[in-house]
Amino acid sequence: MKGTNWMVKGSSVVLALAFLAGCASTPTGGGEDYSGLYSGKSELTFSTLLPVESAAEGIARGDAARARGDLDQAIFEYIRTLELEPDNPESFYKIGAINLQKEELTKAHTAFQSALEKDADHAGSLEGMGLVLMQMRQPDRARLVLEKAVSLDPKLGKAHNALGILADLRGDFERAGQHYNDALMLSPLSARIQNNLGYSHYLAGQWEQAERAYLAALNVDPWHKRAWQNLGQLYTRQERFDEALEVLTEVMSEAEALNTMGYISMSGEKFEDAEKFFTQAAQASPSYYVTANENLEQVRRQIAKREP
């Protein structure tokens, strides 16, 4: 999900890629080792399940387990289909999709890679691999894979959304908008994609279009925190301060909202505005006093640098 980083003063966002050791055992009746595809409940948990008679039955059982939210059993069932049809790319794809959902990136990568070894043009696996590569901070590789995915199947909305994000990172806002609009054609009620489109317009300096997209996102999902935050950022940059405070306090305290407005103003080199908001943030909440005052000292140093 795209947007600004609202953590101020010494904070950062860290993406951790964890490979979980000590995985539960997996069915290996066909001699293949599928332990790299699964971590979760022990195989003993599923010992009472009836055997599957065909790969189609195994996939159907896996789909049913996934639909009811039992992701571990779903993967277990898909792996059992691989014992019957080890060259079935669809089973690997479904395992990869669940591991991606669980943020098991290494296992998702392994599953999608296996699917693509069986069928290099499996569009869903290409989409999944591209999404994994994005999270592994490999944007160039991700772009190539995702572009191939949508060339094979233009109806892959997640791939279009991801390509929009990658285009924004390159500063190609026109191309980003095309991908977001393609994604919205497939998922017109996606607040996440509307928010991404809005942020793309914001980066391009198209603030009216950005506001429309953020409001569209909130019309779909009034609880979409990132859209509220991004709208508050936009209003602050436009010096619509009362509106900015109103929308930011939908998702944070008044002190945090004022501190956020101060940070946005400071980032835009509006240091006098930043000083005002940091001061108000410190006054609004004793618990926020230290953070706001540290930011206030920072902006005052910037003001002092500008004085003759």
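The values are calculated or read from the model by the stated rules, or taken from the named source; none is laboratory data. Since we're looking at a predicted model, the values are computed, not measured. Don't worry about glycine lacking a Cβ; one is built from the backbone with ideal geometry, like all the others, and counts go over all protein chains shown.
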| Can you pull out the helices (runs of 4 or more DSSP H) entirely within region 75-155 that have at least 2 residues that are under 20 Å from the mean Cα position of the chain (by Cα) and under 28 Å from V52 (Cα atoms)? | 89-101, 105-118, 123-135
| remark: Given the conditions (1) farther than 21 Å from L105 by Cα; (2) at pLDDT 75 or above, every one holds for Y34 apart from (1)
| note | The correct count of residues that are closer than 17 Å to L100 by Cα and among the small types (G, A, S) in region 56-77 is 5
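For every residue, the table says whether it meets (1) modelled with pLDDT under 85; (2) in contact with a strand residue (DSSP E or B) (Cβ under 6 Å, 6 or more places away or on another chain); (3) surrounded by 14 or more Cβ atoms within 10 Å (Cβ to Cβ).
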| site | (1), (2), (3) |
| --- | --- |
| Q229 | no, no, yes |
| L248 | no, no, yes |
| S253 | no, no, yes |
| K276 | no, no, yes |
| Q298 | yes, no, yes |
| K305 | yes, no, no |
| region 171-191 residues that are closer than 16 Å to L146 by Cα, paired with ones that are part of a helix (DSSP H, G or I) and of a type in the set (D, E, K, R) (beta carbon under 6 Å, 6 or more apart) | A176/D168
| message | With the structure loaded, tell me whether S190 is over 30 Å from S285 (Cα atoms) and touching a Phe, Trp or Tyr at 6+ places or on another chain (Cβ under 6 Å) or whether it fails that test. | response | no
| note | From the option list A257, A281, A210, A217, single residue qualifying as at pLDDT below 95, of a type in the set (G, A, S) and surrounded by 15 or more Cβ atoms within 10 Å (Cβ to Cβ) is A281
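Conditions (1) in contact with an Asp or Glu (Cβ under 6 Å, 6 or more places away or on another chain); (2) under 16 Å from Y180 (Cβ atoms); (3) of a type outside the set (F, W, Y), marked per residue:
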{"position": "G124", "(1), (2), (3)": "no, no, yes"}
{"position": "L133", "(1), (2), (3)": "no, no, yes"}
{"position": "M136", "(1), (2), (3)": "no, no, yes"}
{"position": "P139", "(1), (2), (3)": "no, no, yes"}
{"position": "L144", "(1), (2), (3)": "no, no, yes"}
{"position": "K148", "(1), (2), (3)": "no, no, yes"}
{"position": "S151", "(1), (2), (3)": "no, no, yes"}
{"position": "L156", "(1), (2), (3)": "yes, yes, yes"}
{"position": "L163", "(1), (2), (3)": "no, yes, yes"}
| message | Given (1) touching a residue at least 12 places away in the same chain (Cβ under 8 Å); (2) hydrophobic (A, V, I, L, M, F, W, C); (3) surrounded by fewer than 24 Cβ atoms within 10 Å (Cβ to Cβ), identify the lone condition not met by F92. | response | (3)
| Which is more than 30 Å from G128 (Cα to Cα) and modelled with pLDDT of 95 or more, of L166, L197, L234, L189? | L234
| remark: Selection from region 175-204 of residues farther than 25 Å from A123 by Cβ and in a helix (DSSP H, G or I) yields A191, N195, G198, Y199, H201, Y202, L203
| task | Hey, can you tell me all the residues within region 37-64 that are at pLDDT 75 or above, outside any loop (DSSP other than H, G, I, E, B) and surrounded by 15 or more Cβ atoms within 10 Å (Cβ to Cβ)? | result | L37, A55, E57, G58, I59, R61, G62
| remark: Expected single match for closer than 29 Å to I193 by Cβ and buried (at least 24 other Cβ atoms within 10 Å of the Cβ) among Q233, Q238 is Q233
| query | Just one of the numbered conditions (1) in contact with a Gly (Cβ under 9 Å, 6 or more places away or on another chain); (2) at pLDDT 95 or above; (3) not aromatic (F, W, Y) is not true of M136; which one? | reply | (1)
